[in-house]
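Chemist: Here you go, one structure.
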Amino acid sequence: MVEGSIPAGPTIREKMLDYKDFILQYVTDKSGEQIAVILQIDVFRELLEDLEDLGAIAERRDEPTISHEELVSELKKNGIIPN
């Protein structure tokens, strides 16, 4: 880590749920076809949050970026972080 830098947090992929850990129940029709899924409410809420995160990423995909050094310089210049 560079001195004075902020440690990186988990990536989006690391924060997302692993579907293999889901406890799924299926609703079937009269012929046995799966027509719906029952999820635990906490899993459902986390999935919604993941979808919101992915939507935000997709919306911002074409925005210009700046380097970490430029960001730190601007934050210092604006007094947000100390010199």
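The values are calculated or read from the model by the stated rules, or taken from the named source; none is laboratory data. All of these numbers come straight from a predicted model, not from anything done at the bench. We place every Cβ from the backbone using ideal geometry, glycine too, and count neighbours over all the protein chains shown.
Chemist: If I go through segment 36-68 residue by residue, how many of them are polar (S, T, N, Q) and touching a Phe, Trp or Tyr at 6+ places or on another chain (Cβ under 9 Å)?
Modeler: Selection size over segment 36-68: 1.
Chemist: Also, quick follow-up: Hey, residue 56 hits all of (1) modelled with pLDDT of 95 or more; (2) of a type in the set (Gly, Ala, Ser); (3) part of a helix (DSSP H, G or I) but one; which does it fall short on?
Modeler: For residue 56, the exception is condition (1).
Chemist: May I pose another question? In segment 65-83, what residues are loosely packed, with under 10 Cβ neighbours inside 10 Å and either of a type in the set (Ser, Thr, Tyr) or under 20 Å from the mean Cα position of the chain (by Cα) (or both)?
Modeler: Matches in segment 65-83: 65, 67.
Chemist: Tell me, which residue of segment 1-24 that is loosely packed, with under 10 Cβ neighbours inside 10 Å and either more than 16 Å from the chain's Cα centre (by Cα) or of a type in the set (A, V, I, L, M, F, W, C) (or both) is modelled with the highest pLDDT?
Modeler: Restricting to residues being loosely packed, with under 10 Cβ neighbours inside 10 Å and either more than 16 Å from the chain's Cα centre (by Cα) or of a type in the set (A, V, I, L, M, F, W, C) (or both), the top hit is 23.
Chemist: Can you tell me how many residues within segment 59-81 are among the acidic types (Asp, Glu) and not in a loop (DSSP other than H, G, I, E, B)?
Modeler: The total comes to 4.
Chemist: Another question about this same structure. When only residues in segment 25-46 that are in a loop (DSSP other than H, G, I, E, B) and out of contact with any strand residue (DSSP E or B) (no Cβ under 9 Å at 6 or more places or on another chain) count, which is modelled with the lowest pLDDT?
Modeler: 40
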